[in-house]
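**Student:** Pasting a structure below so you can have a look.
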Amino acid sequence: MIFLKYFLLSFLFLLKKDFDIIHIVVFTLIALIFVMFIEIFNKKIINIFISILIFIISLVFKDFRYFILPCLYSIYNRDIKVFPSFLIFLFPFEINFFALSIVISFLAYIEKNLKIKIQIYENEKLKNHILQYELKKDIEKLYLLEEKKVYESVLNERKNISKNLHTSIGHTISSSILQIHSLTLLVNDDKIKSNLNKINENLKNGMKEVREIIHNMYNSSFDIENSIKKYLSSLDAKTEFIYDAKNLSTEFKIDILSIIKEGILNFKKHSNGKFLSIKFLESDKNYILQIFDNGTNIKLSQNGIGLLTIKEICKKYQANINILTESGFKINVVFNKGEKYESFNS
């Protein structure tokens with residue numbers, strides 16, 4: 001089909017009544033070979049060589065001039081500056097093909113320019129698509145970065161409050177405990193000593209409560225469990241959520257939440273499933289994240305923003321990721337334990 005438009009031009013031989021079938025077959029095959037070489041190799045030197053060869057053959061076999069229009073069209077569709085084979089029509093001929101050959105050549109040139117413009121348009125369209133994709137990806141990164149900054153800001157504020165509690169109130173209570181203990185050693189009255197011991201015990205309990213408050217402030221700086229439950233509560237589906245891990249750094253918890261959010265978003269947008277399970281478990285050597293839904297309408301784009309986000313987080317922690325699409329959609333991520341995952345604030 002690719003050469004059909006060229007050989008529609010070859011029917012000019014019908015204008016000549018004394019053509020025999022052998023000439024038609026031979027000249028058609030020669031023209032076909034020339035067009036194939038031009039189309040397949042598409043090199044200027046080959047086009048020039050074929051143009052000269054066409055000119056020579058047409059001088060030797062005048063009837064071949066009825067078959068060179070498809071060759072001309074193919075040649076000048078690539079480059080208008082090659083050897084002007086249409087000059088062969090200036091020689092004596094039954095009908096004046098010179099003007100026709102010029103028109104054919106320039107039509108081919110116009111088609112070539114049109115193809116170039118279409119190619120430029122397609123390239124620009126592809127570039128815009130890539131730019132939109134990169135922009136979307138950057139927006140996603142900025143969103144995650146901003147989210148981390150907010151959590152880090154909250155964490156730093158709570159650190160400052162807990163530090164002040166520890167240095168001011170904690171120091172005051174500790175000093176009071178020591179002073180009262182010293183008084184109990186100096187007082188001989190049993191009743192007074194008993195009251196002092198009670199006060200001392202109350203202060204110790206107060207000191208213990210302050211330490212618990214400080215500890216809880218660190219641990220609640222980013223409550224990943226409640227955040228995940230909040231996202232799951234927005235789904236119109238049966239859900240399962242199991243979380244069993246301790247002492248994780250805030251940054252690691254935020255990254256885990258980012259993966260889970262992408263899994264939930266994929267379930268909402270693409271899955272026709274009615275059940276979503278999320279498990280984050282801790283073993284002796286690993287942290288394991290499992291996201292599963294029982295949908296059958298699996299749409300997985302290797303270049304999608306969500307999947308790229310998950311892969312980038314896994315790459316950051318050198319984690320192993322495995323995505324399965326049999327009997328539902330399942331993401332398994334295994335993080336090897338290390339200091340960068342753990343919080344030392346407790």
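The values are calculated or read from the model by the stated rules, or taken from the named source; none is laboratory data. Treat the numbers as computed from the prediction; the structure is a model and nothing was measured. Backbone-built Cβ (ideal geometry, glycine too); neighbour counts: all protein chains shown.
**Student:** Exactly one of these conditions fails for Asn197: (1) of a type outside the set (A, V, I, L, M); (2) at pLDDT 80 or above; (3) loosely packed, with under 11 Cβ neighbours inside 10 Å. Give me its number.
**Tutor:** With (1) of a type outside the set (A, V, I, L, M); (2) at pLDDT 80 or above; (3) loosely packed, with under 11 Cβ neighbours inside 10 Å applied to Asn197, the lone miss is (3).
**Student:** Right, next: Say whether the condition of being farther than 24 Å from Glu251 by Cα, modelled with pLDDT of 70 or more and not assigned by TED's automatic domain parsing to the domain that holds Phe267 is met by at least one residue in region 146-169.
**Tutor:** Yes.
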